[in-house]
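Laboratory data are not the source of any read-out in this text; all were calculated from the coordinates shown. Only a predicted model underlies this, so the values are computations on that prediction, with no experimental measurement involved. Positions of Cβ are backbone-derived with ideal geometry, glycine not excepted, and every protein chain shown enters the neighbour counts.
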Amino acid sequence: MTLSVLEGALAFGFAGLGLALAMNLWRLVKGPGVTDRILALDTMVINVIGLIVLAGIAGDSGTAFEAALLLAMVGFVGTVAYAKFLLRGDIIE
Amino acid sequence: MSGPAPFAELLAAALIVLGASFALVGSWGLVRLPSLMERLHGPTKASTLGMGAMLLASVVWFQLGEGVWTTHELLIALFLFVTAPISANMIAKVHLHRLRTGEASEPPGPTGPPPPPPGKADWATHEAPHQGTPGDFAGD
């Protein structure tokens, strides 16, 4: 069985995003500052959004994009909440 | 997989490869660059060019392959483009704030902390209102 061009590109995309997530995880564990960890989590959310989009293309399903949009929103709110907590000691004042 | 024109498949495949490459390069920058302010630079490429290319690939695939216009992807791209600078700004503010308060876990990087801005101003990190804070201070 030979892969079509799109299947090859999807395999490359999944592999690349998986490797990117592994590198983000390394930065999350290594630190050294807490801001590096926030940045690593933010980048992980971005890469997972990419994975969901690729899964939507691979599975020919339109429902993956609601998940990606929700994750984009939750990831942004999470990053801002971490930053606000470190700046102010509180999230909602 | 019948129907989709080979051109659409090639275009979507090229955009997917481009997007995944940018995501990979952005995360490699996150690992490789020496200080936080430089590390902020890497993932922004992943979130704008990388995600932009992948979401465009999805639009192209569903439009040319199945004849359906999907706008969710453009909404995601718009949302990411709007929020990425905000979260980067917040992270940079936390970094400056922790450098200023002397947190031990916050290494300043090879060039040291940024120089203070001219005059009596300070870097705009969040802090308690003090004499001279415009707006919400009763003594103004």
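Structure notes:
- Surrounding net charge for A:ASP36, when Lys and Arg each add one and Asp and Glu each subtract one, Cβ distance under 14 Å: +2
- Taking region B:6-101 and dividing mean pair separation by its residue count, relative contact order in percent (alpha carbons under 8 Å, at least six apart): 29 percent
- Based on Cα contacts under 8 Å between residues 6+ apart, chain A shows a relative contact order of 23 percent.
- Just so you know, the averaged projected area of the alpha carbon convex hull for region B:6-101 sits at 6.3 nm².
- Highest-first arrangement of B:68-80, B:42-54, where packing means the average Cβ count within 10 Å: B:42-54, B:68-80
- Our helix-only sum for the protein assembly as shown, with -39,500 (n - 2.57) per DSSP H run of n ≥ 4 divided by its residues, gives a mean residue ellipticity at 222 nm of -23500 deg cm²/dmol.
- Nearest 10 degrees, 0 to 90: helix A:34-59 Cα axis against chain A principal axis: 20 degrees
- Dimensions in Å of chain A - Rg and Dmax from alpha carbons: 16.3, 60
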